[in-house]
C-alpha cells in the first residue's frame, strides 16, 4: 500500500472518529466539495499537498463564478530592462500552476503570424506555444483541473498576413478538444482538463469564449452580454495604495454577498508613476500583497472571485484557495 493511500486512510479514519464524537460535520455545508473528498478539506497540510489539484475534489456542478481563484496579472512578464518597470512575476507559468494559480493573463504581440508574449514593448522571452505547452502539460498531469486564460492583444502588430483572431484560431486548431470556447460561464465539470477562454480581442465568429471585449480602462466596471456578466476591478494606475486596496476589498465584499452567476475579476495589481512618469510596479505590489495575505488569513471561507496578482507565491495562493473550503 502506498504512503499516499495510507495517509488518506488515516485522515479518513480520524475524521470519522471526530464525527462520532461531535455528532456533526465541522466543515461549512457548501456545495463545492464532492462528498468523498470533504473529509480532507479542513486540513491545511492536506491543502498544501494538493495545491496542484485543488479543484479536482470540487463538485462538477460548481460554477466557475462561484469559486475563489488565485490568478496572475501579466502572467508571462518576468523580464524588464529597468527594475520595477515591466516584470510582474517571479514564477514561470508552470510554477504558477503548480502553486495553485488557475487564472492566467496572457498578453500577445501579433508578429509574423504568431504570438510573442509581451508586456508593452518588452518581449518576455516567451511565445504563446510555450504558454500552451506549460498549460496542457499541467492539465495532462492533473485532468481534474481547469485554467481560465484571458487573451489580449499587446503592443504593435507587425509582419502579419492574417488577423489576430485567425492566428489565435490556428493555435486552437492544434488541440481543439482542450479549449472551452463557450460564451457562458461554465460549470467545473464541463471544463475539467480544458482551457477556458476569456476573450479580450475582437472576433468575427460567435461564440468564441467568454466575451470581455467591453473592458473599461483603469476602473471598476460591469460588462454584460446575453451570455455572461463580468464585474471587474482593474484600476492599474495607482496614485494611492489605500484607495487601491479599498477598491479591491469593496469588490471582495460584493462578490461574497452575491448569489448570482456574475464572474468577479479583481486585479490587485497596478503601478505608481514616479518622476518623469516612470512606472513602479513594486511600489504597489510590495504594499498590496501583504494586505492580501492578512485578508485571507482573517476571511477564511467565502466567495471572492478571480484574483489576479503581481508576484504571486505559493503561500498567498494557498491562503486564497483555502477560502473555498
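Observations on the structure shown:
- Taking residues in the range 255-280 that are over 27 Å from residue 323 (Cα atoms), and partners anywhere that are exposed (fewer than 13 other Cβ atoms within 10 Å of the Cβ), the pairs with Cβ atoms closer than 8 Å and at least 6 places apart or on different chains are 272/239; 273/239; 278/82; 280/274.
- Within the range 190-257, strands (runs of 3 or more DSSP E) holding 1 or more residues that are within 30 Å of residue 171 (Cβ to Cβ) and in contact with a helix residue (DSSP H, G or I) (Cβ under 9 Å, 6 or more places away or on another chain): 195-199, 229-233
- In the range 137-147, of all residues being in contact with a strand residue (DSSP E or B) (Cβ under 8 Å, 6 or more places away or on another chain) and part of a helix (DSSP H, G or I), the one that is nearest to residue 209 (Cα to Cα) corresponds to 139.
- Boolean, residue 307 is closer than 27 Å to residue 99 by Cβ, outside any loop (DSSP other than H, G, I, E, B), in contact with a strand residue (DSSP E or B) (Cβ under 6 Å, 6 or more places away or on another chain) and modelled with pLDDT of 95 or more: yes
- Members of the range 294-304 that are more than 20 Å from residue 234 (Cα to Cα) and part of a loop (DSSP other than H, G, I, E, B): 299, 300, 301, 302
- When the test is whether a residue is crowded, with 18+ Cβ neighbours inside 10 Å, part of a strand (DSSP E or B) and in contact (Cβ under 8 Å) with a residue 12 or more places away in the chain, residue 320 does not pass it.
- Among all positions in the range 260-275, there is at least one residue which is more than 18 Å from the chain's Cα centre (by Cα) and surrounded by 21 or more Cβ atoms within 10 Å (Cβ to Cβ).
- Selection status of residue 185, assigned to a loop (DSSP other than H, G, I, E, B) and under 16 Å from the mean Cα position of the chain (by Cα): yes
The values are calculated or read from the model by the stated rules, or taken from the named source; none is laboratory data. What you see is a predicted model; the values in this text were computed from it and never measured. Glycine also receives a Cβ, built like all others from the backbone with ideal geometry; neighbour counts cover every protein chain displayed.
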